[in-house]
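Before any comments, here is the structure.
The values are calculated or read from the model by the stated rules, or taken from the named source; none is laboratory data. Note that the structure is predicted; figures quoted are calculated from it, not measured. Note: ideal-geometry Cβ built from the backbone for every residue, glycine included; neighbour counts use all protein chains shown.
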Amino acid sequence: MAEQQLIGALEAGGTKMVCATGYADGTVLEREQIATTTPQETVEAVNAWFANKGIAALGIGAFGPTAVNPASPQYGKILETPKTAWRYFDLLGTIQNELNIPCGYDTDVNVACLGE
């Protein structure tokens with residue numbers, strides 16, 4: 001039987017980011033909450049948390065509205081949100097460029113449904 005790959009999960013919410021590592025079978029190994037403040041501060045903390053975990057890929061569920069169509073030039077960006085510092089912030093690109101691993105991206109609501 002092949003060894004399972006360690007994967008990461010990020011629930012990127014408007015008040016907190018929940019980072020986790022685990023396996024596709026649902027086993028969670030680690031979990032951490034990071035307050036959602038400015039994009040730079042928050043994403044830096046998220047990237048630092050995942051940096052040395054050895055994950056093969058990361059799934060991101062983002063607060064919205066956010067662009068989830070890969071064909072859109074806005075893909076991976078937070079759109080019109082009351083959190084003004086986050087408007088048009090490239091959440092996916094910023095994380096993916098730093099961690100240099102494959103990332104999936106969808107809304108926090110959709111990934112909660114997928115998790116069920």
### Selected residue (only one of ALA24, ALA45 is of a type in the set (Gly, Ala, Ser) and part of a loop (DSSP other than H, G, I, E, B))
ALA24
### Message
If I ask for residues that are surrounded by fewer than 18 Cβ atoms within 10 Å (Cβ to Cβ) and of a type in the set (Val, Ile, Thr), which ones from region 84-102 would you list?
### Response
THR84, ILE101
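Table: residues versus (1) under 19 Å from GLN96 (Cβ atoms); (2) at pLDDT 95 or above; (3) more than 15 Å from the chain's Cα centre (by Cα).
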{"position": "MET1", "(1), (2), (3)": "no, no, yes"}
{"position": "GLY8", "(1), (2), (3)": "yes, yes, no"}
{"position": "LYS16", "(1), (2), (3)": "no, yes, no"}
{"position": "THR21", "(1), (2), (3)": "yes, yes, no"}
{"position": "LEU29", "(1), (2), (3)": "no, yes, yes"}
{"position": "GLN33", "(1), (2), (3)": "no, yes, no"}
{"position": "THR38", "(1), (2), (3)": "no, yes, yes"}
{"position": "GLU44", "(1), (2), (3)": "yes, yes, no"}
### Message
Looking at region 67-99 only, could you name the residues that are under 20 Å from ILE34 (Cα atoms), of a type in the set (Val, Ile, Thr) and in contact with a helix residue (DSSP H, G or I) (Cβ under 9 Å, 6 or more places away or on another chain)?
### Response
ILE78, THR94, ILE95
### Message
Condition first: on the phi > 0 side of the Ramachandran plot and touching a Lys or Arg at 6+ places or on another chain (Cβ under 9 Å). Now tell me which residues in region 65-89 satisfy that.
### Response
TYR88
#### Entry: Candidate set: region 53-77, residues that are touching a Gly at 6+ places or on another chain (Cβ under 7 Å) and assigned to a strand (DSSP E or B); chosen: the one nearest to GLY8 (Cα to Cα)
LEU58
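Confirm whether THR38 is over 16 Å from LEU10 (Cβ atoms) and loosely packed, with under 11 Cβ neighbours inside 10 Å. If you could, list the steps in order and put the result at the bottom.
Details: over 16 Å from LEU10 (Cβ atoms): yes; loosely packed, with under 11 Cβ neighbours inside 10 Å: no.
Taking the combined requirement at face value, the residue does not satisfy it.
Yes/no per residue for (1) under 24 Å from LEU6 (Cα atoms); (2) among the hydroxyl-bearing types (Ser, Thr, Tyr):
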residue: THR27; (1), (2): yes, yes
residue: ALA51; (1), (2): yes, no
residue: ALA57; (1), (2): yes, no
residue: PRO73; (1), (2): no, no
residue: LEU79; (1), (2): no, no
residue: TRP86; (1), (2): no, no
residue: GLY93; (1), (2): yes, no
residue: PRO102; (1), (2): yes, no
residue: LEU114; (1), (2): yes, no
